[in-house]
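Student: Sharing a structure, written as structure tokens. Questions coming.
The values are calculated or read from the model by the stated rules, or taken from the named source; none is laboratory data. Please read these numbers as outputs of a predicted model, since none were measured by experiment. Virtual Cβ from ideal backbone geometry, glycine too; neighbours counted across all protein chains shown. These accessible areas exclude ligands, DNA and RNA; they are computed on the full protein's heavy atoms, side chains included. Shrake-Rupley method; radii C 1.70, N 1.55, O 1.52, S 1.80 Å.
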Amino acid sequence: MNALNMKDLLDTDSLSSEQIFLICNTAKYFKDVFSRSVKTVPVLRGKTVCSLFFEPSTRTRLSFELAAKMLSANVITVPVSTSSVVKGESLIDTSHTLESMGADYIVMRHEVSMAPNFLAKNIKASVINAGDGNHAHPTQAMLDTFSILERRGSLEGLHIGIVGDILHSRVARSDIMAFKKLGARVTLCGPTTLVPKEFENYGVEISHNIDEILPELDVINLLRIQTERQRSGLFPSIREYNHLFSLTEERFSKCKPDAIVMHPGPINRGVELDDSVADGENTIINGQVTNGVAVRMAIFYLLAGGEPMNEVEKIR
Ligand code: CP
């Protein structure tokens, strides 16, 4: 079939550690392409990538579209809010319309969990999940993993904290799976209402006190507070969250000197972290965005049947 042995990329649950290394090693190659003066390669020449986003996005949509263009694909962006979706066209009918125009890949973000899985079962094109409900965001997890591997060479034995609104976070679920498959210890941290005990079933630890865990962490992955997803009562106030869980300058001074600070974006300055931390030397938020393009190029390349690039397991 292809080196990943899959038609669609829907979550990180279904990726083995070998497949994760394969994606990250391939991304390393495409990051080099990204830094060339001529950034285009003919991997997807003659193929059509369709970008179908039912929810807002800056990073994910633009980096998928840029990745596809750098691989020489034809790229169609469906403007969902002005498309026939608003006239009531179903997801399947919209997707069949796109397939009839020759779409080989459909990159989809949807507010309903598992919507990409449903689509993948019903169309021939490859479906790449660009984030669905609170279920999965596999390409974010791959770029997060790649970014840590780039800095540390391995995740084996690293202690990674994921801090914030875990309950509503597709990024947290996908990151947990990927980080644990590569041997990291993962601690989730946030208010009891946003980090329920059931998450222990994922094989992670839970803390509701950021000050206790920060000095032990090698990586601090801060998540956005998703005010648009919260039901009343889960989240007392932004001020209280900031007081109890924000990575302030003072808290950051107690972290390991080489601790990596990450955030999938978009960030809420003064809520999840202070300006000085967001713009500090340990923070790799902008690097994550660059790596997002390389990872998405790698995923298109592998799904298109590109040769595996996996000579080394560790990609320092
Ligand atoms: N990280 C992420 O998914 O960002 P966007 O919502 O801007 O795509």
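Student: Return yes when Leu62 is in a helix (DSSP H, G or I) and either within 30 Å of Val38 (Cα to Cα) or open to solvent by 70 Å² or more (accessible area, probe 1.4 Å) (or both) and no when it is not.
Tutor: Details: in a helix (DSSP H, G or I): yes; either within 30 Å of Val38 (Cα to Cα) or open to solvent by 70 Å² or more (accessible area, probe 1.4 Å) (or both): yes.
Yes: the conditions hold for Leu62.
Student: All but one of (1) of a type outside the set (Phe, Trp, Tyr); (2) in a helix (DSSP H, G or I); (3) modelled with pLDDT of 95 or more hold for Ser113; which doesn't?
Tutor: (2)
Student: Hey, another quick one. Would you point out which residue out of Ile213, Ile238 is of a type in the set (Val, Ile, Thr), open to solvent by 40 Å² or more (accessible area, probe 1.4 Å) and either farther than 17 Å from Thr12 by Cβ or in contact with a Leu (Cβ under 7 Å, 6 or more places away or on another chain) (or both)?
Tutor: Numbers: Ile213 fails: open to solvent by 40 Å² or more (accessible area, probe 1.4 Å).
After ruling out the rest, the residue left standing is Ile238.
Student: Within region 268-316, track down each residue that is at pLDDT below 95 and β-branched (Val, Ile, Thr).
Tutor: Answer for region 268-316, where residues must be at pLDDT below 95 and β-branched (Val, Ile, Thr): Val271, Val312, Ile315.
Student: Mind checking which residues of region 111-139 are touching a residue at least 60 places away in the same chain (Cβ under 8 Å), open to solvent by 10 Å² or more (accessible area, probe 1.4 Å) and among the polar types (S, T, N, Q)?
Tutor: Passing the criteria: Asn117, Ser126, Asn134.
Student: Within region 6-15, which residues are touching a residue at least 12 places away in the same chain (Cβ under 8 Å) and open to solvent by 40 Å² or more (accessible area, probe 1.4 Å)?
Tutor: Lys7, Asp13 - these are the residues of region 6-15 that are touching a residue at least 12 places away in the same chain (Cβ under 8 Å) and open to solvent by 40 Å² or more (accessible area, probe 1.4 Å).
Student: Considering only residues that are touching a helix residue (DSSP H, G or I) at 6+ places or on another chain (Cβ under 8 Å), within 16 Å of the ligand (Cβ to nearest atom) and assigned to a loop (DSSP other than H, G, I, E, B), which ones fall in region 166-216?
Tutor: Ile166, His168
Student: Which residue is nearest to Asp11 (Cα to Cα), if the candidates are limited to region 127-161 and must be within 14 Å of the ligand (Cβ to nearest atom) and in a strand (DSSP E or B)?
Tutor: Ala136
Student: When only residues in region 237-265 that are among the small types (Gly, Ala, Ser) and over 12 Å from Glu216 (Cα atoms) count, which is nearest to the ligand (Cβ to nearest atom)?
Tutor: At the first step, the residues of region 237-265 found to be among the small types (Gly, Ala, Ser) are 237, 246, 253, 259, 265.
Still in the list and also over 12 Å from Glu216 (Cα atoms): 237, 246, 253, 265.
On the way: Ser237: 24, Ser246: 19, Ser253: 27, Gly265: 5 Å.
So the residue we want is Gly265.
Student: Restricting attention to region 65-78, report how many residues are open to solvent by 70 Å² or more (accessible area, probe 1.4 Å) and assigned to a helix (DSSP H, G or I).
Tutor: Just the residues of region 65-78 that are open to solvent by 70 Å² or more (accessible area, probe 1.4 Å), to begin with: 66, 69, 74.
Then drop every residue that is not assigned to a helix (DSSP H, G or I), which leaves 66, 69.
Result for region 65-78: 2.
Student: Pull up region 42-58, narrow it to residues that are open to solvent by 50 Å² or more (accessible area, probe 1.4 Å) and either under 25 Å from Val86 (Cβ atoms) or touching a Leu at 6+ places or on another chain (Cβ under 6 Å) (or both), then point me to the one that is nearest to the ligand (Cβ to nearest atom).
Tutor: Of region 42-58, the ones open to solvent by 50 Å² or more (accessible area, probe 1.4 Å) are 42-43, 45-47, 56, 58.
If we keep only those that are either under 25 Å from Val86 (Cβ atoms) or touching a Leu at 6+ places or on another chain (Cβ under 6 Å) (or both) as well, we get 43, 56, 58.
Working: Val43: 23, Pro56: 7, Thr58: 4 Å.
The selected residue is Thr58.
Student: I want to confirm something. Restricting to region 79-110 and keeping residues that are assigned to a loop (DSSP other than H, G, I, E, B) and in contact (Cβ under 8 Å) with a residue 24 or more places away in the chain, which single residue is surrounded by the most Cβ atoms within 10 Å (Cβ to Cβ)?
Tutor: Taking region 79-110 first, the residues assigned to a loop (DSSP other than H, G, I, E, B) are 79, 83, 88-90, 101-104.
Now drop any that are not in contact (Cβ under 8 Å) with a residue 24 or more places away in the chain, which leaves 101-104.
Numbers: Met101: 11, Gly102: 13, Ala103: 25, Asp104: 19.
Filtering region 79-110 for residues that are assigned to a loop (DSSP other than H, G, I, E, B) and in contact (Cβ under 8 Å) with a residue 24 or more places away in the chain, the one surrounded by the most Cβ atoms within 10 Å (Cβ to Cβ) comes out as Ala103.
Student: Among the residues of region 119-126, are any more than 13 Å from the chain's Cα centre (by Cα), in a helix (DSSP H, G or I) and among the polar types (S, T, N, Q)? Break it down into steps so the answer makes sense when it comes.
Tutor: Kept after step one, since they are more than 13 Å from the chain's Cα centre (by Cα), are these residues of region 119-126: 119-126.
Next cut, in a helix (DSSP H, G or I) only: 119-122.
So of that shortlist, the ones also among the polar types (S, T, N, Q) come out as 122.
Within region 119-126, one or more residues are more than 13 Å from the chain's Cα centre (by Cα), in a helix (DSSP H, G or I) and among the polar types (S, T, N, Q).
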